[in-house]
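In what follows, a single structure is set out as structure tokens and then discussed.
The values are calculated or read from the model by the stated rules, or taken from the named source; none is laboratory data. Everything numeric here is computed off the predicted structure, so don't read it as measured data. Here the Cβ positions follow ideal geometry from the backbone for every residue, glycine too, while neighbour counts run over all protein chains shown. Remember, those area values only see protein heavy atoms, side chains included, never the ligands or the DNA or RNA. Shrake-Rupley method; radii C 1.70, N 1.55, O 1.52, S 1.80 Å.
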Amino acid sequence: MKWNDPDSGGSPDESARTLEGCVADLSKVLVVGRSPINRVVVAKIVERSGLKTVSEAPDTAAEMLHALAPGTIILDGGSDNRDCDGLMQSILSLRLASGSNLPSVILLSNHAGTPESLSLSGAVDIVVAKPITPERLQPVVEKLLGRC
């Protein structure tokens, strides 16, 4: 598992150092979903908060997750909230290695609720109901950043 070096572009203000010295870049957001259109829409909303985004399909996201070391991950769960299930173990492994709740994870869902009420993995912090609008998503992203 490889985390980015803090000297690779992020300033100390933009990175969160974990107990083991790993760094999660809080200025980077990984957007994952099957629909390229949804990924673009979500990325544009996130970029309004001054964050850098990288968009990936679920099949290629695991590799990018380890290379990018994002502070936040936004997963489009698809119609049944399961489109990104293949990433959950990688996310949990990163959190375990970091000794923190980084990266933060937002799930975009067709169903309103909490991660617990939707029986989701412990890797999801917040569920945002679709349709995704700037008014719904942007405050959630900024709230997660404020927690870090």
Can you list the HN-Hα couplings for the range 42-48, worked out from phi with the Karplus curve (6.51, -1.76, 1.60; θ = phi - 60°), rounded to whole Hz and with x for Gly and Pro?
5, 4, 5, 5, 5, 5, 4
Computed over the range 21-148, the distribution of all Cα-Cα distances in 5 Å bins, rounded to whole %, is 2, 12, 25, 27, 22, 10, 2, 0
Counting sequence-distant residues (5 or more places) and residues on other chains, those with an amide H built under 5 Å from that of Thr72 are Lys28, Leu30, Ser104
Quick one: accessible area per residue over the range 61-110, 1.4 Å probe, rounded to a whole number of Å²?
33 Å²
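Please work out the Kirkwood hydrodynamic radius for the range 37-109, using every pair of different C-alpha atoms, and report it in angstroms with one decimal place.
12.7 Å
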5 angstrom amide H check on Ala24, placed H, neighbours 5+ away:
Ala16, Thr18
Between His66 and Ile37, what is the label-point separation in nm under the 7 Å Cα-to-beta-carbon projection?
3.4 nm
Label point distance in nm, Asp80-Ala97, each placed 7 Å from Cα along Cα→Cβ
3.0 nm
Could you list which residues have their amide H under 5 Å from that of Thr53, counting only those 5 or more apart in sequence or on another chain, with H placed in the peptide plane?
Val29
